[in-house]
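Q: The structure that follows is given in the form of structure tokens.
The values are calculated or read from the model by the stated rules, or taken from the named source; none is laboratory data. Keep in mind it's a predicted model, so treat the numbers as computed, not measured. Methodologically, a virtual Cβ is constructed for each residue, glycine included, from the backbone with ideal geometry; neighbour enumeration extends over all protein chains shown.
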Amino acid sequence: MRNKFSFVVTMLLLFSLVLAACSSNNDGNNGAAETNGSSASPSGSANSDAIDNSKEVKLSMYLLGDAPKGMPEVMEQVNKKMKESINATIDLNYIGWGDVQSKYPLILASGEDVDIIFTADWNFYVQEANKGAFYPLKQDELNKYMPKQMEKLNPEALKAAEINGVPYMIPTATPDRKASVAVIRKDLREKYGVPAFTKFSEIGPYLEAIKKNEPNMIPLNLDNQFDLPTPHLYLTNEKIAYTQPLDSGNPMAQGIAYDYEDPSGKVFTTVEEPFLSASKYASNIMKEWYDKGYVNKNPYANKTRSKDNFCEGKSGVAFGNSLDVAAMTELCASKGFDVEIITATSPQGHAPQNTWLNNGLAVAANSKNPERALQAMDLIMQDPEIVYLVSFGIEGKNYVINADDKIALPEGVTPENNTFPTDSSGFWFVNKDLFKPLANWPQSYIDHINSVGEKLKPQLYAGFTFNSESVKSQIASVANVSTQYGSPLFIGAVKNVDEAYVQLADKLKAAGIEKIKAEMEKQTTAYLATLK
Amino acid sequence: MGTNKLNKAPGFTALSYLIIGGLALITVIPFVVLISGSLSSESAVLKSGYWFWPREFSWDAYAFIFRYPAEVISAYRVSIIITVVGTVIGLFVSTMAAYVLYRKEVKYRNALAFYLFFTTLFNGGLAPFYILITKYLDLKNTLPVLILLPMFNVMYILILRSFIRGSVPEPLIESAKIDGAGEYRIFFQMVLPLSKPALASIGLFTALAYWNDWWTAMMFVSKDHLIPLQYMLYKMISSVNMSAAMAQYAGAMEQPKETFKLAMTVVATGPILALFPFVQKYFVSGVTIGAVKG
Amino acid sequence: MIREIRKNWPLYTMFLPIAVYFLIFAYAPMAGVVMAFKDFNYRGGIFGSPWNGFDNFEYFFRSGKAWLVTKNTIMYNVVFLGAYTLFSVMTAVFLSEVYNKFFKRVSQTFLFLPYFISWVTVSAFVYNFLNYEYGIVNVILRKLNLDAIDIYSSPSIWFLILPLLYVWKWVGYGSILYLAAIVGIDQEVYEAATIDGASRWQKITRITIPLLKPTMIILILLGLGRIMRGEFDMFYQLIGNNGMLMDATDIIDTLVFRSLVGTQDFGMASSVGFYQSVLTLIIILSANYLVRRYDKDQALF
């Protein structure tokens, strides 16, 4: 019996191997044919410097999120303009938010019909580029096909996108100007006579007042994803300039850190000095708050972000960043109370500037028309008419520009029934300097967004991208250990802070954090050498 | 169980009612909470959590789902088509296969069972599967992909085999063969009718698998007119979550988020519950083999 | 072999559609298992990418928890399977003893409702009921002047909560199969027993339960076929990143998810899947062997 089984199994495995082998052969052939084809085509034109757009092409583009209802109409106008300028049209597809993790790499892996695709450092740019998913970009091609973007783009940004010396992504020319913030209730602070403060570590009396006087409110009502590490991070940041691990970029994970105020760029793990004492300081405060009941006991199971129920009076503090709290401040204002926005800052009063790779576009490795794709990207990112179309929709229908030169909704259109809500279409990489302000932001928010720029400090490693290929299993182990032994320290839910850190350090060592550090030192040293 | 009724045992009957009634209560109460949550205003749920009746009654969540009715109707239509077509074909082919696996004459029946079972243990991961479907079979954005992928479940085939073994005794088949009936005739005239309760339950499960399947659509469908209901809802909830998390320009719109999740369950559950009476019909009274034999 | 097929060709044609289906949709892409041993990249594809031995397994076995999570996975699944079988059989038996058609239909529909409630929603409900600050359970305890319980920091309670929730969600589903089996029993058997003067209880223990045994065996065997996987959504949604509960509630799938959430690596993702498959294969072959020794007809294959 057993023999027969193994026979069946072997046969089937052989069969599938053959099938797959055929398929990989096909891949090879197709690839060869394509390169032949593309190298042959330009020879037809006499002048090799001129751009040859004589053949009409359809470019397939993938973005993250969902198409707003009004998208087809907008794309019709965009394509009209595209057709006129570069004889191409765009077929726009979306990868839904819930599907990114599984579908994004598959679309690239299958070599499916894709020309232009969204990419970002937080969306696996490095990993995908390492696997050969993107078309390698050359400076002369960029100058030729993307003149407008190249004019606006800081050369540092393109440098930051380099993996082993080759850039694979066109980053946005206008990275977001945002800092991490905590939002508090101004009305309650004044009501209970708590003096105004500007640093997050001074929030204690406010939390105490909320705990004492507002029985239905939890001062720090943290959720299990975003909020959980946040107050600890803010407190740490006041002792040592820090945002997130340099290796994984995952704020929930331990890893390799550096002091962004320190020009030497020295790196260290999150469980060694100088970082350790800053982190311990934060955990001790969190433990005090946790034990006094300022923090919800079970953030791990809570799925509602503090920012989402802040205006309902469930949370005393809302966490977010300069951009994503905008709608919330509007909502609170509509409920009749004003807020104060506290920016998380370093000991020197700075907040780190965003990395260059926060938003961008790449050309897929399998694209049959990379030149045309680049030209289309140039238009999408910089052409004012297209930028307004894809960001705000159709003028008069989805938005109007009012007398104060601000963007407002047309008469009769509400946020609920607008078929193209502002900035909802996933085109985050356009030149946002072309945007006008929105009419309905409350003053406290406008003040914040106008002043946040002054606090932002460029990071030494903004242009550095860690290539984690050789230590990926260590990073996976560290991520695993961090969740179990690190996250209780974020909220202070431990019996003894010092002992918990000793345990964490041991576990991280076993997970191989030293190896990540060694690799990081190697790469950062090489990077710093290129800056000189 | 007609004849079982004959001997009365009131104590026992009362116990049965008590136990079943108690279990039903435990299972229905959370659903009541769910429905009343879906009919509450978003701010009431955020403020005071879920409760047995709606606090601050509101249709917001449902209004949000049905904002673009044409989309929802199309999604219902797609779901119904794939569920009906897929279940009928899938159930029929599965039963045939199960019957073959049961017949002792089939010398390789155990090897064949293992051939099926092996696929539940090992798979090559998503990437080769995705490439197979999109590149070689070219099934992306087609109705057949939604029908084909969830069609068979090895467990159900093996369960069907065990049911058929229980309800179609071997001697019955032997005598039919002696009477000169062909294999197909035996299958259609004897096996299918005798397996009705099994077909009803496995059919129900297959239908549910189709109805609840958003994964196939997520992977292989991006055209609006092919989006089934569950995937439409799945997309809605993930974009509501994300837009709340990222948007600077979203405006002060109070999107129902918590209540939306609940309303979504109600909207998706409602129509498929209509299937229940059809299935339950086959559970009310037992099968008597003699009736088919004659 | 050819002679066998020629002899029973009508039966083999009945099996043909399903054989072809699984050949295309399951066996063809199965070659991908080699990715567990490869450093996968798009240029090389599945077969052109370089081999990297057991590197993809490293993160799992280095975690120091490989044994713990394997043990937890098996333990939870055994408990789930046992409780699920027990409650499903019990429910089906009592359901078959209920004669009021309306009551029967309505209660059966109710029993099925939890199936439709996703674990995300269940977890939101559970949080709403059990959380320390304003969970309903703790609000009541405080009203009674009792100490509130911090359920989310007490690992031992979860050994009870998880199986209960599991049974609650699946009992309606499971009981349908057993009910179908009960209804499928030939009525003449009961009639004969009635004539012999058997009581209701005797008929259940002597006829119904023994006749349900084949169904139970097959369902348990099939359940064992999933023993290394488990209800990921349930653990992920209810426990999430709760470090305090983790040693008690960590299963293979949650460990893998937690480790790989920031990496898109096909090789590392499939390596542990391969480990699970091999273990399952061993377990299922042993179980099947034992069942075969006891009764050939009731084995899976």
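Q: Can you spot a residue in region A:276-291 that is within 27 Å of the chain's Cα centre (by Cα), more than 14 Å from every other protein chain (Cβ to nearest Cβ), over 17 Å from A:LEU188 (Cβ atoms) and surrounded by fewer than 19 Cβ atoms within 10 Å (Cβ to Cβ)?
A: Yes, some residue in region A:276-291 is within 27 Å of the chain's Cα centre (by Cα), more than 14 Å from every other protein chain (Cβ to nearest Cβ), over 17 Å from A:LEU188 (Cβ atoms) and surrounded by fewer than 19 Cβ atoms within 10 Å (Cβ to Cβ).
Q: Do we find a residue being in contact (Cβ under 8 Å) with a residue 12 or more places away in the chain and more than 30 Å from B:PRO10 (Cβ to Cβ) anywhere in region C:22-31?
A: Within region C:22-31 (the criterion being in contact (Cβ under 8 Å) with a residue 12 or more places away in the chain and more than 30 Å from B:PRO10 (Cβ to Cβ)), the answer is yes, since at least one residue qualifies.
Q: Here's another thing I want to ask about it. Among the residues of region A:416-444 satisfying the criterion of being within 23 Å of the chain's Cα centre (by Cα) and of a type in the set (Phe, Trp, Tyr), which is surrounded by the fewest Cβ atoms within 10 Å (Cβ to Cβ)?
A: A:PHE435
Q: Mind checking which residues of region B:116-129 are facing chain C (nearest Cβ under 7 Å) and either among the aromatic types (Phe, Trp, Tyr) or in contact with a strand residue (DSSP E or B) (Cβ under 6 Å, 6 or more places away or on another chain) (or both)? Can you show your working first?
A: Narrowing region B:116-129 to residues facing chain C (nearest Cβ under 7 Å): B:116-117, B:119-125, B:127-129.
B:PHE117, B:PHE122, B:PHE129 - these are the residues of region B:116-129 that are facing chain C (nearest Cβ under 7 Å) and either among the aromatic types (Phe, Trp, Tyr) or in contact with a strand residue (DSSP E or B) (Cβ under 6 Å, 6 or more places away or on another chain) (or both).
Q: Given the conditions (1) without any contact (Cβ under 8 Å) to a residue 40 or more places away in the chain; (2) out of contact with any helix residue (DSSP H, G or I) (no Cβ under 7 Å at 6 or more places or on another chain), which single one is not true for C:SER153?
A: For C:SER153, the exception is condition (1).
Q: Now for a separate question. When you scan region C:80-92, do you find a residue that is within 14 Å of chain B (Cβ to nearest Cβ) and more than 22 Å from the chain's Cα centre (by Cα), even just one? Show your work before the answer.
A: Going residue by residue through region C:80-92, those that are within 14 Å of chain B (Cβ to nearest Cβ) are C:81, C:83-92.
Still in the list and also more than 22 Å from the chain's Cα centre (by Cα): none.
No, the conditions are met nowhere in region C:80-92.
So that you can scan it fast, the table gives a plain yes or no per residue for (1) within 21 Å of the chain's Cα centre (by Cα); (2) at pLDDT 85 or above; (3) of a type in the set (Lys, Arg); (4) loosely packed, with under 14 Cβ neighbours inside 10 Å:
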| position | (1), (2), (3), (4) |
| --- | --- |
| A:ILE446 | no, no, no, no |
| A:SER487 | no, yes, no, no |
| A:GLY492 | no, yes, no, no |
| A:LYS495 | no, yes, yes, yes |
| A:GLU499 | no, yes, no, yes |
| A:ALA505 | no, yes, no, no |
| A:LEU508 | no, yes, no, no |
| A:GLU521 | no, yes, no, no |
| A:ALA529 | no, no, no, yes |
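Q: Scan region C:243-277 for residues that are among the β-branched types (Val, Ile, Thr) and within 8 Å of chain A (Cβ to nearest Cβ) and jot them down.
A: Looking only at region C:243-277, we keep the residues that are among the β-branched types (Val, Ile, Thr), and these are C:249, C:251-252, C:254, C:256, C:261, C:263, C:272.
Answer for region C:243-277, where residues must be among the β-branched types (Val, Ile, Thr) and within 8 Å of chain A (Cβ to nearest Cβ): C:VAL261, C:THR263.
Q: Is it true that B:TYR210 is at pLDDT 85 or above, within 20 Å of A:TYR62 (Cα to Cα) and in contact with a helix residue (DSSP H, G or I) (Cβ under 7 Å, 6 or more places away or on another chain)?
A: Numbers: at pLDDT 85 or above: yes; within 20 Å of A:TYR62 (Cα to Cα): no; in contact with a helix residue (DSSP H, G or I) (Cβ under 7 Å, 6 or more places away or on another chain): yes.
No: the conditions fail for B:TYR210.
Q: Every residue in region A:396-409 that is surrounded by 14 or more Cβ atoms within 10 Å (Cβ to Cβ) and not hydroxyl-bearing (Ser, Thr, Tyr), please.
A: First, pick out the residues of region A:396-409 that are surrounded by 14 or more Cβ atoms within 10 Å (Cβ to Cβ): A:397-401, A:406-409.
Result: A:LYS397, A:ASN398, A:VAL400, A:ILE401, A:LYS406, A:ILE407, A:ALA408, A:LEU409.
Q: In the list B:VAL72, B:VAL45, B:VAL78, B:VAL85, which residue meets the criterion of being part of a helix (DSSP H, G or I), closer than 25 Å to B:LEU229 by Cβ and outside the structural domain of B:VAL267 (by TED's automatic domain parsing)?
A: Numbers: B:VAL72 fails: outside the structural domain of B:VAL267 (by TED's automatic domain parsing); B:VAL78 fails: outside the structural domain of B:VAL267 (by TED's automatic domain parsing); B:VAL85 fails: outside the structural domain of B:VAL267 (by TED's automatic domain parsing).
Only one candidate qualifies: B:VAL45.
Q: Suppose we filter C:VAL167, C:VAL139 for residues that are modelled with pLDDT under 90, in a helix (DSSP H, G or I) and of a type in the set (A, V, I, L, M, F, W, C); which single one remains? Give the steps one after another, and end with the answer.
A: On the way: C:VAL167 fails: modelled with pLDDT under 90.
Every option except C:VAL139 fails the conditions.
Residue by residue, here is whether (1) assigned to a loop (DSSP other than H, G, I, E, B); (2) within 13 Å of chain A (Cβ to nearest Cβ); (3) in contact (Cβ under 8 Å) with a residue 12 or more places away in the chain holds:
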position: C:LEU219; (1), (2), (3): no, no, yes
position: C:GLY223; (1), (2), (3): no, no, yes
position: C:GLY230; (1), (2), (3): yes, no, yes
position: C:PHE235; (1), (2), (3): no, yes, yes
position: C:ASN241; (1), (2), (3): yes, yes, yes
position: C:LEU279; (1), (2), (3): no, no, yes
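Q: Can you tell me how many residues in region A:67-103 are under 18 Å from the mean Cα position of the chain (by Cα) and without any contact (Cβ under 8 Å) to a residue 40 or more places away in the chain?
A: The initial filter retains those residues of region A:67-103 that are under 18 Å from the mean Cα position of the chain (by Cα), namely A:94-103.
When the remaining residues are screened for being without any contact (Cβ under 8 Å) to a residue 40 or more places away in the chain, the result is A:95-103.
Count: 9.
Q: Say whether the condition of being under 29 Å from A:GLY316 (Cα atoms), modelled with pLDDT of 85 or more and over 23 Å from the mean Cα position of the chain (by Cα) is met by at least one residue in region A:262-274.
A: no
Q: Moving on. Mind listing just one residue for me: the one in region A:322-340 that is among the hydrophobic types (A, V, I, L, M, F, W, C) and under 26 Å from A:PRO245 (Cβ atoms) and, of those, nearest to the other protein chains (Cβ to nearest Cβ)? Show your work before the answer.
A: The first filter runs over region A:322-340 and keeps only residues among the hydrophobic types (A, V, I, L, M, F, W, C), leaving A:323, A:325-328, A:331-333, A:337, A:339.
Filter once more, keeping what is under 26 Å from A:PRO245 (Cβ atoms): A:323, A:325.
Working: A:LEU323: 4, A:VAL325: 9 Å.
So, considering only residues that are among the hydrophobic types (A, V, I, L, M, F, W, C) and under 26 Å from A:PRO245 (Cβ atoms), the one nearest to the other protein chains (Cβ to nearest Cβ) is A:LEU323.
Q: Does A:LEU106 satisfy being surrounded by fewer than 20 Cβ atoms within 10 Å (Cβ to Cβ), of a type in the set (A, V, I, L, M, F, W, C) and either modelled with pLDDT of 85 or more or in contact with a strand residue (DSSP E or B) (Cβ under 6 Å, 6 or more places away or on another chain) (or both)? Walk me through it before giving the result.
A: Details: surrounded by fewer than 20 Cβ atoms within 10 Å (Cβ to Cβ): no; of a type in the set (A, V, I, L, M, F, W, C): yes; either modelled with pLDDT of 85 or more or in contact with a strand residue (DSSP E or B) (Cβ under 6 Å, 6 or more places away or on another chain) (or both): yes.
Answer is no for this residue.
Q: Something else: In region B:10-57, what residues are β-branched (Val, Ile, Thr) and farther than 30 Å from A:GLY313 by Cβ?
A: Step one: of region B:10-57, the residues β-branched (Val, Ile, Thr) are B:13, B:19-20, B:26-29, B:32-33, B:35, B:45.
Selection gives B:THR13, B:ILE19, B:ILE20, B:ILE26, B:THR27, B:VAL28.
Q: Right, something else. Consider region B:166-184. How many of its residues are more than 7 Å from chain C (Cβ to nearest Cβ) and assigned to a helix (DSSP H, G or I)?
A: 9
Q: Among B:ILE133, B:ILE65, B:ILE89, which is modelled with pLDDT of 95 or more and either under 20 Å from B:ASP213 (Cα atoms) or within 9 Å of another protein chain (Cβ to nearest Cβ) (or both)? So that I can check it myself, show each step before the final result.
A: On the way: B:ILE133 fails: modelled with pLDDT of 95 or more; B:ILE65 fails: modelled with pLDDT of 95 or more.
Answer to the check: B:ILE89.
Q: Turning to a different aspect of this structure: If you take the residues of region A:248-264 that are away from chain C (no Cβ under 14 Å) and small (Gly, Ala, Ser), which of them is surrounded by the fewest Cβ atoms within 10 Å (Cβ to Cβ)?
A: A:SER264
Q: I'd like the full set of residues that are closer than 19 Å to C:TYR236 by Cβ and surrounded by 16 or more Cβ atoms within 10 Å (Cβ to Cβ), limited to region C:142-160.
A: Residues of region C:142-160 that are closer than 19 Å to C:TYR236 by Cβ, as a first pass: C:151-153, C:155, C:157-159.
Passing the criteria: C:ILE151, C:TYR152, C:SER153, C:ILE157, C:TRP158.
Q: Can you name the residue in region B:140-152 that is crowded, with 18+ Cβ neighbours inside 10 Å and part of a loop (DSSP other than H, G, I, E, B) and, of all such residues, is farthest from the chain's Cα centre (by Cα)? Can you show your working first?
A: Our first condition is that a residue be crowded, with 18+ Cβ neighbours inside 10 Å; within region B:140-152, this holds for B:140, B:145-152.
Pick out the ones that are also part of a loop (DSSP other than H, G, I, E, B) and you get B:140, B:149-152.
Working: B:LYS140: 23, B:LEU149: 14, B:PRO150: 10, B:MET151: 11, B:PHE152: 12 Å.
Among them, the one singled out is B:LYS140.
Q: On to the next question. Before we move on, is C:PHE266 of a type in the set (Phe, Trp, Tyr) and without any contact (Cβ under 8 Å) to a residue 40 or more places away in the chain? Reasoning before the result, please.
A: On the way: of a type in the set (Phe, Trp, Tyr): yes; without any contact (Cβ under 8 Å) to a residue 40 or more places away in the chain: no.
For C:PHE266, the condition - of a type in the set (Phe, Trp, Tyr) and without any contact (Cβ under 8 Å) to a residue 40 or more places away in the chain - is not met.
Q: Which residues, taken from region A:366-395, are surrounded by fewer than 18 Cβ atoms within 10 Å (Cβ to Cβ), assigned to a helix (DSSP H, G or I) and touching a residue at least 60 places away in the same chain (Cβ under 8 Å)?
A: A:GLU385 - this is the single residue of region A:366-395 that is surrounded by fewer than 18 Cβ atoms within 10 Å (Cβ to Cβ), assigned to a helix (DSSP H, G or I) and touching a residue at least 60 places away in the same chain (Cβ under 8 Å).
Q: Further question on the same structure: Among the residues of region A:42-66, which ones are modelled with pLDDT of 85 or more and under 19 Å from A:TRP97 (Cβ atoms)? Outline the logic, then answer.
A: First, pick out the residues of region A:42-66 that are modelled with pLDDT of 85 or more: A:55-64.
Across region A:42-66, the qualifying residues are A:MET61, A:TYR62, A:LEU63, A:LEU64.
Q: Next question, about the same structure. Evaluate the following for B:TYR130: is it of a type in the set (Ser, Thr, Tyr) and either within 21 Å of B:TYR99 (Cα to Cα) or in a loop (DSSP other than H, G, I, E, B) (or both)? Outline the logic, then answer.
A: Details: of a type in the set (Ser, Thr, Tyr): yes; either within 21 Å of B:TYR99 (Cα to Cα) or in a loop (DSSP other than H, G, I, E, B) (or both): no.
Against the criterion (of a type in the set (Ser, Thr, Tyr) and either within 21 Å of B:TYR99 (Cα to Cα) or in a loop (DSSP other than H, G, I, E, B) (or both)), B:TYR130 does not qualify.
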